[in-house]
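Derivation of every value follows stated rules applied to the coordinates shown; laboratory data play no part. From a predicted model like this one, the values you see are computed outputs, not experimental measurements. Cβ sites come from the backbone with ideal geometry, for glycine too, and all protein chains shown count toward neighbours.
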Amino acid sequence: MADKVRVGVLISGRGSNLEALADYKRKADPAYEIVVVASNVPEARGLVLAKRFDIPTWAQSHKGVKRAEFDALVDAELRRSGVEVIALAGYMRLLSPEFIHGWNHRILNIHPSLLPDYKGLDTHQRALMGGEEYAGCSVHVVTEELDDGPVIAQARVRVQARDTAETLAQRVLVEEHKLYPAALDAFCRKLLADRAAS
Ligand code: GRF
C-alpha cells in the first residue's frame, strides 16, 4: 500500500503487542507504518524491540512531572514525528483530557477483557472470579473515561476449568497479537478511504 497512516505507539513495558504491530508487515501490506515508539519507562523492554525493527524511539520517565506537562512532552514528540494515529500498547498511564481531546478519536487501545466487562486492572483474575465462560480482549477508541470508548474489535477465548489468571492471560495474549494489528489496519484503511472520498 503506497499511502500509509503514520502511527505512534505508546508503551510502558514488555512490548509484545508493539512487536505484533511491527511484525504485521511481514504478513500483510498494512495501511499503517509505525514512525515512533514512545515510553514513560526508559528501561522498557519494548524500546529494545522497537530498535530491532529500526523504529525511532523516545523515552522519558514521568516521575516528578505533572501529568498534563508530561503528556505535552509526549504530544510534542508525536507531532514532531508526523503521527496521525496513536496506538496504546500496554501504556500504563492515564492520559490527560487535554491530550485525548487533542487527538480527536485517533487513539486506540487494547484491553485484555471483553469490554464493557472488566475495565481497569487484574482483568483475568476478575473474569475467573466472575465465573465467566469466555474471556478475551478488545480494541477500542480512547475517550476520557478509562477503557470506555467505542469497541472496534474483539476476540474471545473459552475459560477452562483449570485456568489460573496466568494461563488465561497467556491464551488471551495470543489473541491480542492477532487482533490488534488487524484492527489498527482496518481503522487506518478507513481513515485513508474517508480522506480520499472527501
Ligand atoms: C496487554 O495485555 C494489553 O492488553 C494491556 O497491557 C498488556 C501489555 O502487554 N493493555 P505488552 O506490553 O504488549 O506485552
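Is it true that Val83 is in a loop (DSSP other than H, G, I, E, B), at negative phi and either of a type outside the set (Asp, Glu) or surrounded by fewer than 19 Cβ atoms within 10 Å (Cβ to Cβ) (or both)?
Judged against the criteria, Val83 is a match.
Take the residues in the range 86-97 that are part of a loop (DSSP other than H, G, I, E, B) and closer than 20 Å to Asn17 by Cα; name whichever of them is nearest to the ligand (Cβ to nearest atom).
Gly90
What number of residues within the range 147-160 are over 20 Å from Lys25 (Cβ atoms), under 18 Å from the mean Cα position of the chain (by Cα) and either part of a loop (DSSP other than H, G, I, E, B) or of a type outside the set (D, E, K, R) (or both)?
The number of residues fulfilling the criteria is 8.
Any residue in the range 99-107 that is within 19 Å of Arg67 (Cα to Cα), touching a residue at least 60 places away in the same chain (Cβ under 8 Å) and surrounded by fewer than 22 Cβ atoms within 10 Å (Cβ to Cβ)?
Taking every residue of the range 99-107 in turn, none turns out to be within 19 Å of Arg67 (Cα to Cα), touching a residue at least 60 places away in the same chain (Cβ under 8 Å) and surrounded by fewer than 22 Cβ atoms within 10 Å (Cβ to Cβ).
Could we say that Thr167 is more than 19 Å from the chain's Cα centre (by Cα), β-branched (Val, Ile, Thr) and surrounded by fewer than 19 Cβ atoms within 10 Å (Cβ to Cβ) here?
yes
Is at least one residue of the range 111-125 among the hydroxyl-bearing types (Ser, Thr, Tyr) and in a helix (DSSP H, G or I)?
Yes, that holds for at least one residue.
Condition first: under 24 Å from Phe99 (Cα atoms) and either part of a helix (DSSP H, G or I) or polar (S, T, N, Q) (or both). Now tell me which residues in the range 5-62 satisfy that.
Scanning the range 5-62 gives Ser12, Asn17, Leu18, Leu21, Ser39, Asn40, Gly46, Leu47, Ala50, Thr57, Gln60, Ser61.
In the range 114-142, which residues are polar (S, T, N, Q) and either more than 16 Å from the ligand (Cβ to nearest atom) or surrounded by 22 or more Cβ atoms within 10 Å (Cβ to Cβ) (or both)?
Thr123, Ser138 - these are the residues of the range 114-142 that are polar (S, T, N, Q) and either more than 16 Å from the ligand (Cβ to nearest atom) or surrounded by 22 or more Cβ atoms within 10 Å (Cβ to Cβ) (or both).
Step by step: first the residues of the range 161-198, then only those that are outside any helix (DSSP H, G or I) and without any contact (Cβ under 8 Å) to a residue 12 or more places away in the chain, then the one that is nearest to the ligand (Cβ to nearest atom). Which residue is that?
The residue in question is Arg162.
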